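Please read the structure below before turning to the comments.
The values are calculated or read from the model by the stated rules, or taken from the named source; none is laboratory data. These numbers come from a predicted model, not from an experiment. Cβ: placed from backbone, ideal geometry, glycine included. Neighbour counts: every protein chain shown.
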Amino acid sequence: MAVDAAETVEMRSALVRLRRATGLPVAFGGLVDSGHRRMRISELNGTATDSLRTISVTAGNGLGGKAVALARPCAVTDYSTSRQITHEYDAAVAMEGLCSVLAVPVVVRRRVRGVLYGALRTAQPLGDRTLTMAVEAARDVEQALVVRDEVRGLLEAARPQPAPPDRGAAWEQVREAHAALRALAPRIGDPALRAELLDACGLLAEGTAPNGVRLAPRELDVLTCVAAGATNATAAERLGLRAETVKGYLRSAMRKLGAHTRGEAVVAARRAGVLP
């Protein structure tokens, strides 16, 4: 899997959080190229040189490579003399003047996707609190990558043109993908990715409501959940809203569509082309 710009931004933000939370003067890291089992250090924060940026870490080698191979955090008090690691990268580490170093893997669905490092320029134990804070920073990246992976899968499902309604199961898959995309959109912090996701929804359902009336985004979100069989309570949970708020959006959508029941609203929305 190739490293994309948005994933790099996630790593960069995590390094800032890691330094702020731990007080460590140096943080760096990168993402793993799954095809080659190598991790290129691409992001530096607090470093005095660019020596670390040239490193391509192989699984099993050095501290970061050990973290990749074991899929768990690793730390050394004095990098250059440690017997717990191999020493292929000593020159770059020494040029930066690092001594105590920790490496925390970013693990998504049992696969290491990257490594976050934190370091001191003195030889002293980093402590449990520092390690815990570093692990939390890595968990933040993991959650962000999980969401991005989920979005990619849904976008792939949405790219083909919708099948005609008489194709039964295939059409139901289109509707399920549309519902999942609409529910996921509010959780996406990246504006560009959120826009791409909503554009994909447009591939699945294009059109306007009767007489030129359009549903507001949240009205469409709620109606999409209803079309998928969700109760008001379930829709509220999926969308991060209160149940009463969901009821309000549903009533508004029904009024615009000239519907008197939930079922009528779904049928009217499908006929109008605002739902697949």
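A count restricted to segment 6-35 and to residues that are more than 22 Å from V93 (Cβ to Cβ) and assigned to a loop (DSSP other than H, G, I, E, B) stands at 2.
Only residues that are assigned to a helix (DSSP H, G or I) and at pLDDT 85 or above were counted in segment 225-240, giving 8.
Matching residues to (1) buried (at least 19 other Cβ atoms within 10 Å of the Cβ); (2) in a helix (DSSP H, G or I):
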residue: A67; (1), (2): yes, yes
residue: S80; (1), (2): no, yes
residue: Q84; (1), (2): no, no
residue: E88; (1), (2): no, no
residue: V93; (1), (2): yes, yes
residue: V106; (1), (2): yes, no
residue: G114; (1), (2): yes, no
residue: A123; (1), (2): no, no
residue: M133; (1), (2): yes, yes
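Could you tell me whether any residue of segment 247-268 is in a helix (DSSP H, G or I), surrounded by 14 or more Cβ atoms within 10 Å (Cβ to Cβ), at pLDDT below 80 and among the aromatic types (F, W, Y)? No, the conditions are met nowhere in segment 247-268. Among the residues making up segment 25-36, those that are more than 13 Å from P105 (Cα to Cα) and modelled with pLDDT under 95 are D33, S34, G35, H36.
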